[in-house]
Amino acid sequence: MTQSAQHHDNAHGHDHDDHGHEEHDDYHGTVGGYTVGFLLSLVLTAIPFWLVMAKVLPSSGVTAAVILAFAVVQIVVHMVYFLHMNTKSEGGWNMLALIFTIVIVVITLAGSLWVMHHLNVNMMPMPHEMRNMP
């Protein structure tokens, strides 16, 4: 490497004395980042708590859907601010592992709900319902 190219790389924070390890720009949290994550977590917990306690929404189904939406947002906040996950961390492998995990969880939950629904539909009727059968 020429001296001018080495000076250029060093001027931009590149260090070539890492013994063959690839360069990481992993984000290590700051107090400000942790504070923002903590405050967002508090707000994302307090709002659903208030929605339930004050009975703001008309039905329990709508309330459950809103709480699940807040839970998903809070999971993202935790992953970004506390676990420092992004598309660049660990060369993208963290994001790939997360996507794979989400796919497996969705398949498992959807399959479980499908099986439970079909078991419920196809179960034998209760004894008091058998009297009305032909």
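The values are calculated or read from the model by the stated rules, or taken from the named source; none is laboratory data. Remember, predicted model here, so these are calculated numbers, not experimental data. Positions of Cβ are generated from backbone atoms using ideal geometry, with glycine treated the same way; all protein chains shown enter the neighbour counts. SASA here: full protein model, heavy atoms, side chains in, ligands and nucleic acids out. Shrake-Rupley method; radii C 1.70, N 1.55, O 1.52, S 1.80 Å.
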Taking the Cα-to-Cβ direction at Ala69 and at Phe49 and moving 7 Å from each Cα, how far apart do the two end points lie in nm? 2.1 nm
Solvent-accessible area of Leu109 with every protein chain in place, 1.4 Å probe, in Å² to the nearest 10: 110 Å²
